[in-house]
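Read-outs: derived from the displayed coordinates by stated rules, not from any lab. Worth saying up front: this structure is predicted, and the values here are computed from it rather than measured. Every residue, glycine as well, gets a Cβ built from its backbone with ideal geometry; the counts of neighbours run over all protein chains shown.
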Amino acid sequence: MIIWITGASDGIGKAVALAYLLDGHSVVGTGRSADKLTALELEAAPLPGQFRGLAADVADKVAMTLAWQQAKDATGLPDILILNAGTHFETPVEAFSVDDHRTIMDVNYFGVLNSLEPLLGDLMVRGHGQVAIVSSLAGYRGLPPASAYGASKAALINFTETFQPELARHNIDLRLVNPGFVETPLTDQNSFPMPFLISAEKAAERLIKGLDGKRFEITFPRRFAFVMKLLRILPYGLYLRLTKRLLRKPD
């Protein structure tokens with residue numbers, strides 16, 4: 001199989017790429033850092049599969065269109081497309097900035113749309129394919145101090161839910177991936193405890209297993225997904241009391 005992965009140079013994207021390469025598949029990976037992609041090419045060299053890195057920023061629509069054309073020319077149309085690129089930093093109310101929110105939305109939400117636009121026409125003409133959009137369990141409900149990140153992921157969840165039945169008419173299998181806390185360079189920046197933290201390798205294993213299955217939504221780790229699904233149905237009065245407790249400073 002041929003797999004295209006955005007955000008392939010770090011974290012979950014890199015772990016997924018290496019797992020597919022270990023199984024002998026061909027992987028095209030995009031990322032902003034050409035140096036990291038080159039390093040990944042060297043790491044992938046001894047593996048059974050073939051890796052090709054294409055430096056491109058998902059926030060740049062023109063760059064993603066060019067990357068898609070290069071990927072097609074190099075390997076043909078991918079069988080699986082994993083739209084994984086994303087960013088995160090805390091956005092507390094004391095430092096509220098529209099620019100910070102726009103930066104995160106440009107990568108996490110519009111980055112997926114920039115990746116989708118050039119490929120959807122080709123997939124619909126071919127008449128089959130699998131697309132996975134990586135959002136987050138943080139998109140279920142607002143969790144301070146991540147207003148920008150949570151909003152971007154909530155938008156992705158809504159978008160994917162809406163697109164799924166439309167793409168199904170064209171025999172395109174759209175999946176929603178909602179991870180919890182995964183050990184990556186981004187989560188290393190968090191200043192708060194991260195319950196049920198798992199490694200990027202374990203996350204890659206769960207993601208790939210989910211894509212082999214039939215469920216529309218792929219969530220992991222299971223215990224944290226259960227907690228977040230429970231929080232999603234709590235009434236606002238109780239939910240807001242809980243989130244306020246998260247902001248209390250220890251004595």
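Some observations on this one:
- Sorted largest first, the spans of the alpha carbon positions of the chain along the three principal axes are 58, 40, 34 Å.
- With the alpha-carbon atoms of the range 79-157 aligned to their principal axes, the span from lowest to highest coordinate is 50, 22, 14 Å, starting with the largest.
- Helical content alone sets the calculated 222 nm signal of the chain at -16000 deg cm²/dmol, taking -39,500 (n - 2.57) per DSSP H segment of four or more residues and averaging over every residue.
- With the biggest extent put first, the Cα atoms of the range 46-125 measure 48, 35, 18 Å across the principal axes.
- Helix axis angle, 110-126 relative to the chain longest principal axis, alpha carbon, degrees: 40 degrees
- Once the Cα-Cα distance is subtracted from the 0.36 nm per residue extended length, the Lys214 to Ile233 segment shows a gain of 4.4 nm.
- Of Ile5, Ile198, Ile104, the sequence from fewest to most neighbouring Cβ atoms within 10 angstrom is Ile198, Ile104, Ile5.
- Cβ-based exposure ranking for Tyr149, Tyr239, in which fewest neighbours within 10 Å come first: Tyr239, Tyr149
- Other residues within the sphere of radius under 11 Å centred on the Cβ of Ala8, judged by their own Cβ, net out at +2 (K and R +1, D and E -1).
- Taking a sphere under 14 Å around the Cβ of Phe96 and counting the other residues whose Cβ falls inside, with K and R at +1 and D and E at -1, yields a net charge of -3.
- Crossing angle, helix 222-232 versus the chain [Cα axis fit, 0-90 degrees, rounded to tens]: 60 degrees
- The order of Leu113, Leu119, going from fewest to most other C-beta atoms within 10 Å of their C-beta, is Leu113, Leu119.
- For the range 22-90: rounded, prolate or oblate by the Cα gyration tensor [a/c cutoff 1.5]: oblate
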